[in-house]
1. Just give me the residues in the range 198-208 being open to solvent by 10 Å² or more (accessible area, probe 1.4 Å) and either in contact with a Pro (Cβ under 6 Å, 6 or more places away or on another chain) or of a type outside the set (Ser, Thr, Tyr) (or both), in sequence order.
2. How many residues are surrounded by fewer than 21 Cβ atoms within 10 Å (Cβ to Cβ), in contact (Cβ under 8 Å) with a residue 40 or more places away in the chain and within 15 Å of the chain's Cα centre (by Cα) when one looks only at the range 85-107?
3. Of the numbered conditions (1) open to solvent by 30 Å² or more (accessible area, probe 1.4 Å); (2) out of contact with any helix residue (DSSP H, G or I) (no Cβ under 7 Å at 6 or more places or on another chain), Glu266 satisfies every one except a single condition; which is it?
4. Could you list all residues from the range 127-154 that are surrounded by fewer than 18 Cβ atoms within 10 Å (Cβ to Cβ), among the small types (Gly, Ala, Ser) and in a strand (DSSP E or B)?
5. If a residue must be in contact (Cβ under 8 Å) with a residue 40 or more places away in the chain and either open to solvent by 80 Å² or more (accessible area, probe 1.4 Å) or closer than 20 Å to Asn275 by Cβ (or both), how many such residues does the range 323-341 contain?
6. List the number of the failed condition for Ala308; all other conditions in (1) under 30 Å from Glu135 (Cβ atoms); (2) aliphatic (A, V, I, L, M); (3) surrounded by fewer than 21 Cβ atoms within 10 Å (Cβ to Cβ) hold.
7. Conditions: (1) within 22 Å of Cys226 (Cα to Cα); (2) open to solvent by less than 40 Å² (accessible area, probe 1.4 Å). Phe111 meets all but one. Number of the miss?
8. Which of the residues that make up the range 456-481 are exposed (fewer than 12 other Cβ atoms within 10 Å of the Cβ) and among the basic types (Lys, Arg)?
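The values are calculated or read from the model by the stated rules, or taken from the named source; none is laboratory data. This structure is a prediction, so every number in the text was calculated from the model and none was measured. Reconstructed Cβ throughout: ideal geometry from the backbone, glycine too, with neighbour counts over all protein chains shown. Please note that ligands, DNA and RNA were not included when accessible areas were found on the heavy atoms of the full protein model with its side chains. Shrake-Rupley method; radii C 1.70, N 1.55, O 1.52, S 1.80 Å.
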Amino acid sequence: METLNLYNTLSRKKEVFEPIYPPNVGMYVCGPTVYGDPHLGHARPAITFDLVFRYLKFLKYKVRYVRNITDVGHLENDADEGEDKIAKKARLEQLEPMEIAQFYTDRYHKFMDALNVQRPGIEPRASGHIPEQIETIQKILDAGYAYESNGSVYFDVLKYNQDQHYGKLSGRVLDELLATTRDNLDGQHEKRNTPDFALWKKASPEHIMRWKSPWSVGFPGWHIECTAMGCKYLGDTFDIHGGGMDLLFPHHESEIAQACIANKVEPTKYWMHNNMITINGQKMGKSLGNFITLEQFFTGSHESLEKAYSPMTIRFFVLQAHYRSTLDFSNEALQSAEKGLKRLQEAKKTLQTLTHRDDASIALNPEIAKLPDNCRIAMNDDFNSPIVIANLFEAVRIINIAQDQKIQLSNADLDVLKTLFDVYYTEILGLSDESEHNNSDLVDGLMQMILDIRQQAKINKDYATSDRIRDALTALNIVVKDGKDGATWSV
């Protein structure tokens, strides 16, 4: 196996990746809370850990990839009080919560598929693992690190911190958390101390999503779901736990505390976190109201967008930055990514047309020979996709020079370049070829051209051609309507 180094958020340094049970790798990534359409902020962790997933498989690891769906327990503002995000959406839409969860889970899959994000092997839902969560909570209660209060159960952070370190992942200081008062929020009186977090919440009469438990009819806390499901599918300790930087605290910090008590071991060997996508320096998110959905990017239907951007442009935009660096949205940055992606796509096509010199004695071009090694070294250095892309652009430069017949490439040169694109462009970066315009633009353009030809035939009194076009479109379930302002079409 290659020596892969990755940045461990827990140790705050790069470490050699050594799986617990090689060649098997267990990876758990926190997935979406499904109460709205996915936005650009959701795309980044999905693409980041898709890159990790793809590269681990390329290195011949057998990866069990688990990414959860949060469909219950995630309350507003990531707190222990307020309304469940999905239940609130269901109330506003006058639908069942599971209708909301299913609808937006399907939407999430649709847009992740468009971004060429491979689906995980297991995608558990929080609502489908209530018994496991109750069992985990009972273990924590039995160990003496949780307490029941008015039918709710809270994790005792202060007691845990006496024996272990609450804050070791996020760097939060417990004394500062204790000094934070949140008396204005309902339910704070149930807690012994402000940092304590909910493992189980008693449902209020109006709360729709509820299950029976030993403590009350209620619902699980947000953090306990990942502890229970990660353990169920990957074991008490697994290799990689991933997610966005915004989950460091309180979510992942609380996961560590829960697992250390319930299972008596650290849950994860390597913690990985992608940084945020920002708009004018502020995190993009639903709670902040500054998000742009992926559908709006793909259609251009948002006031902040100058045009539509294809799924591969969005994927390339994300991969151009290292996953641990912030990525600021702008039309200029997206248009630059679009141009860069087009250069790669055109060079990839040109590569298929280049001819080689027949002289078998020609040595491999040293500039070409080093490119695969450069890409491999970059990926082994904490999945450094920007360096991989830089080397692909170096390949583009060589291909363009060869096309201009300023240099000649050997058969070996061409084989290396083709393999470079097959492996790094397609297999690892997960980029796919697409036309300059998205499909809807292409269809609109073609239909307008057909209608213009039909209109010209009518002007020329060539009614046979006009009717033939109309009948052919009708056979394709396309209806043409003639009006005073010209013809329109619909499916």
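1. Passing the criteria: Lys201, Lys202, Ala203, Pro205, Glu206, His207, Ile208.
2. 2
3. Failing condition for Glu266: (2).
4. Ser149
5. 7
6. (1)
7. (1)
8. Within the range 456-481, Lys461, Lys481 meet the criteria.
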